[in-house]
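Reading through the structure tokens given below for one structure.
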Amino acid sequence: MIRYMYKNLKTLTLFQLSFNLLCYGVLVPILKWIFKISILISGINNLTEVNFLIYLRHPLSIVIDLVILFIITVTTLMYFNALVVIYIASKNKKSITLYSLLIATYENSKDVFKLRNVSLFLYVVVALPYFNIIYKNPVIKNLNVPSFILESVRLNNLYIFIYIILSLFLILYVIHNAYVFFYMLIGKMKYGDARRASKNLIKKTKKDMFVSLVKIVVLGAIMLGICVAFQYLFYGICRFINNGILFKILVGVFSLMTIINSTIYHIVTNVYGTYLFGELYFENENPFDLKIDYDKAFNIPSWLKLAVAAVVIVILAMLGWFQVYNDVRSDVAVVAHRGASGEELENTKEAFMKAQAEGAEYIELDVTLTEDNQVVIVHDANLKRLGGVDKFIDEMTYDEIKQIPIYNEEKTEFGQIMLLKDLLPMINPDVKLIIEIKPIDGNGKECVQAVERLLTFYSRHYIACLDISILKEAKRLNPLRKTVYLLAFALGNWYNYDCVDIYAIEQSFASEENVELVHKNKNQIFVWNVNDEKDAFRYLELGVDGLITNYPKKILSTVNSSQLQLQSENLLNFFKVSL
């Protein structure tokens with residue numbers, strides 16, 4: 001492979017780096033924003049199994065989604081075609097500039113983007129992302145099956161069987177299309193003919209094809225292992241340096257290295273895959289060539305190159321600022337307090353599942369330790385209020401606790417105290433837990449340590465507490481763990497702890513001044529407990545980032561009524577900033 005590709009290594013690197021920056025910095029964020037707008041237009045906040053049909057029935061949302069898929073298809077095809085062009089150039093022992101590569105890709109792709117190839121659209125957006133081994137890029141990897149659909153599949157044996165059969169079909173379909181881009185780009189075939197030709201060539205080369213797939217998977221695994229090792233190295237450094245300017249510099253370097261790692265990973269795996277399948281193609285087919293003007297150049301003066309580089313840096317900086325701004329301001333999170341505790345018994349499975357179904361982005365819950373060091377989900381240290389038994393949680397084993405039914409004040413709803421480890425697998429991947437540590441007799445550090453062990457594979461969840469020392473311990477255990485500082489009232493310098501990511505304050509403590517103090521330190525601020533619509537509007541006007549409530553459905557409706565206009569305005573501002 002090296003003897004072919006070394007001539008164009010510089011061009012390949014520039015192309016892949018530019019493509020990654022375009023995808024990560026511009027295209028993917030824009031498409032996500034557009035998709036978010038389509039959800040809000042349909043009148044819902046988050047897609048779940050409960051409201052999925054409502055979303056599908058809204059014609060404008062479907063039109064927006066089709067536009068998104070079309071953009072993804074065009075971008076993906078142009079990317080794959082560029083890889084074939086650079087392979088052909090290298091195969092002919094020719095050097096090609098980045099400008100010539102882009103022009104040749106555009107010229108040779110014209111026949112691909114025709115109505116006769118409309119079924120290629122389904123292949124790119126449905127099958128290819130599902131089994132993305134031969135080619136990988138940042139655009140199609142963002143396409144995946146919604147989490148609530150996967151959750152429904154896991155809970156039904158028939159669905160599991162159908163899912164396995166469908167997966168095998170998609171894998172076979174993708175393999176049969178391995179040579180499609182060669183036939184369409186080089187052979188000028190329409191998609192249907194290219195698919196049949198690719199399938200026939202697979203039959204001829206199935207042994208070599210299998211060896212090639214194994215090589216690609218092994219190489220991908222090695223590259224992935226290197227990336228994971230880098231992540232763990234960074235994590236180890238953060239355990240010792242978890243605050244201050246040096247930590248911020250490390251995070252910045254890590255972000256840059258993530259882009260570089262991604263670029264190297266895509267160059268190695270994609271070029272290797274293109275090379276292996278290109279060789280098999282040319283061994284069995286006539287050596288078609290492409291129309292490539294190798295001498296085509298776009299001479300840029302040095303001063304203009306510097307100016308373009310400066311503009312790119314400024315645009316990326318503005319995009320980064322805008323992304324931070326949106327994370328803080330544009331989408332007010334709704335946090336289900338102890339689950340949907342206004343409708344179901346607090347801190348129970350029923351309350352948590354209802355909160356998910358109603359679209360809550362976060363779910364708050366309380367945990368403490370039992371006598372046998374089990375992490376249980378319960379608010380009170382004593383079971384007198386919830387179970388009518390005057391016993392403390394830390395003086396009982398979980399086997400004893402689960403024998404005691406709990407109930408609400410009116411004794412109309414009954415439930416059982418559950419373990420945190422049993423709840424974690426039930427939570428959708430797009431929902432975050434805010435786990436409040438409730439210390440009993442000074443066991444807060446032991447409790448947070450036990451919780452962190454349970455959260456080893458759940459990086460998205462947060463740890464909360466009224467005691468700042470517990471949050472410091474949480475950051476010591478895992479510098480990347482997000483934390484929430486709960487405050488009913490405070491005086492002095494309460495808003496700039498290095499160990500705090502979100503300040504959750506009681507309503508009476510919420511003011512414009514306090515919101516500004518938190519935002520100046522680049523943190524978020526939530527308000528609890530907001531159960532009234534008028535109160536919700538008031539805090540939205542203050543610019544808070546989250547509303548903690550016992551009634552997530554009602555508060556979500558209140559937030560959504562003001563969010564559609566805000567999201568649309570921010571999207572327009574995004575294009576203004578970009579231009």
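What number of residues within the stretch 343-360 satisfy the criterion of being surrounded by 20 or more Cβ atoms within 10 Å (Cβ to Cβ) and part of a loop (DSSP other than H, G, I, E, B)? Step through it out loud before you land on a result.
Taking the stretch 343-360 and keeping what is surrounded by 20 or more Cβ atoms within 10 Å (Cβ to Cβ), we get 344-348, 351-352, 354-356, 358-360.
From what's left, part of a loop (DSSP other than H, G, I, E, B): 344-348, 358-360.
Total meeting the criteria: 8.
Please work out which residue is nearest to LEU486 (Cα to Cα), limiting yourself to the stretch 501-527 and to residues that are outside any helix (DSSP H, G or I) and over 29 Å from the mean Cα position of the chain (by Cα).
Within the stretch 501-527, the subset outside any helix (DSSP H, G or I) is 501-506, 510-511, 521-527.
Now drop any that are not over 29 Å from the mean Cα position of the chain (by Cα), which leaves 506, 510-511.
Working: GLU506: 8, ALA510: 13, SER511: 16 Å.
The extreme case among them is GLU506.
Which residues, counting only those in the stretch 370-394, are closer than 12 Å to ILE406 by Cα and assigned to a helix (DSSP H, G or I)?
If the condition is that a residue be closer than 12 Å to ILE406 by Cα and assigned to a helix (DSSP H, G or I), then LYS384, ARG385, LEU386, GLY387 are the ones that fit.
Return the pairs, sorted by first residue and then second, in which the second residue is part of a helix (DSSP H, G or I), the first residue lies in the stretch 512-526 and is farther than 14 Å from CYS499 by Cα, the beta carbons are less than 8 Å apart, and the residues are 6+ apart or on different chains.
If the second residue must be part of a helix (DSSP H, G or I), the pairs left are GLU512/LEU542; VAL515/LEU542; HIS519/VAL328; ILE525/ASN514; ILE525/VAL515; ILE525/VAL518; ILE525/HIS519.
Any idea which residue in the stretch 92-135 is modelled with the highest pLDDT, counting only those that are among the hydrophobic types (A, V, I, L, M, F, W, C) and assigned to a loop (DSSP other than H, G, I, E, B)?
Here the answer is ILE96.
Could you identify the single residue in SER100, SER95 that is surrounded by fewer than 17 Cβ atoms within 10 Å (Cβ to Cβ) and among the small types (Gly, Ala, Ser)?
Values: SER100 fails: surrounded by fewer than 17 Cβ atoms within 10 Å (Cβ to Cβ).
None of the others qualify; the one that does is SER95.
State all residues of the stretch 396-435 that are exposed (fewer than 15 other Cβ atoms within 10 Å of the Cβ) and of a type in the set (A, V, I, L, M); if no residue qualifies, say none.
Hit for the stretch 396-435 is MET426, nothing else.
Mind checking which residues of the stretch 436-462 are surrounded by fewer than 17 Cβ atoms within 10 Å (Cβ to Cβ) and touching a Phe, Trp or Tyr at 6+ places or on another chain (Cβ under 9 Å)?
ASP441
Can you name the residue in the stretch 176-193 that is more than 20 Å from ILE292 (Cβ to Cβ) and not aromatic (Phe, Trp, Tyr) and, of all such residues, is surrounded by the fewest Cβ atoms within 10 Å (Cβ to Cβ)?
GLY192
A quick yes/no check of all residues on (1) in a helix (DSSP H, G or I); (2) over 36 Å from the mean Cα position of the chain (by Cα); (3) at pLDDT below 90; (4) under 18 Å from LYS482 (Cα atoms):
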{"site": "THR368", "(1), (2), (3), (4)": "no, no, no, no"}
{"site": "GLU400", "(1), (2), (3), (4)": "yes, yes, no, no"}
{"site": "LYS411", "(1), (2), (3), (4)": "no, yes, yes, no"}
{"site": "PRO429", "(1), (2), (3), (4)": "no, no, yes, yes"}
{"site": "LYS445", "(1), (2), (3), (4)": "yes, no, no, yes"}
{"site": "ALA450", "(1), (2), (3), (4)": "yes, no, no, yes"}
{"site": "SER459", "(1), (2), (3), (4)": "no, no, yes, yes"}
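Given the conditions (1) part of a loop (DSSP other than H, G, I, E, B); (2) surrounded by 16 or more Cβ atoms within 10 Å (Cβ to Cβ), report the number of the one that ASP498 does not fulfil.
Answer for ASP498: the failing condition is (2).
The values are calculated or read from the model by the stated rules, or taken from the named source; none is laboratory data. Treat the numbers as computed from the prediction; the structure is a model and nothing was measured. Note that each Cβ is placed from the backbone with ideal geometry, even for glycine, and that neighbours are counted across all protein chains shown.
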